[in-house]
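The values are calculated or read from the model by the stated rules, or taken from the named source; none is laboratory data. Remember, it's a predicted structure, so these values are computed and weren't measured experimentally. Reconstructed Cβ throughout: ideal geometry from the backbone, glycine too, with neighbour counts over all protein chains shown.
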């Protein structure tokens with residue numbers, strides 16, 4: 001199964017970010033992309049001129065490994081660490 005980049009380029013000629021935003025929009029997920037660069041803002045808005053097929057949607061969903069790249073939000077130790085962390089003394 002090709003990765004997201006190959007799927008993106010072959011299907012729509014859009015950036016990975018645009019395909020991910022489109023995937024979220026098609027799943028009825030409210031997205032608030034962050035950018036301070038005008039060209040990125042325009043790119044973020046350019047996700048309504050194409051649609052992903054059911055197969056593409058499923059293939060992208062299949063990339064989910066079920067593990068966070070940062071930390072596990074369900075881990076009690078991590079939750080306690082974050083809950084007890086103070087920005088100032």
remark   = Here the qualifying pairs (Cβ atoms under 7 Å; residues six or more apart or on different chains; first in the range 63-89 and farther than 30 Å from residue 16 by Cβ; second surrounded by 10 or more Cβ atoms within 10 Å (Cβ to Cβ) and at pLDDT 80 or above) come out as none
task = Can you tell me which residue within the range 57-77, out of those that are outside any loop (DSSP other than H, G, I, E, B) and within 23 Å of the chain's Cα centre (by Cα), is nearest to residue 25 (Cα to Cα)?
result = 57
inquiry  = Within the range 1-28, take every residue that is over 13 Å from residue 61 (Cα atoms) and modelled with pLDDT of 95 or more and give me the one that is farthest from the chain's Cα centre (by Cα).
reply    = 28
query = What is the residue count in the range 26-56 for residues that are surrounded by 10 or more Cβ atoms within 10 Å (Cβ to Cβ) and more than 12 Å from residue 12 (Cβ to Cβ)?
reply = 12
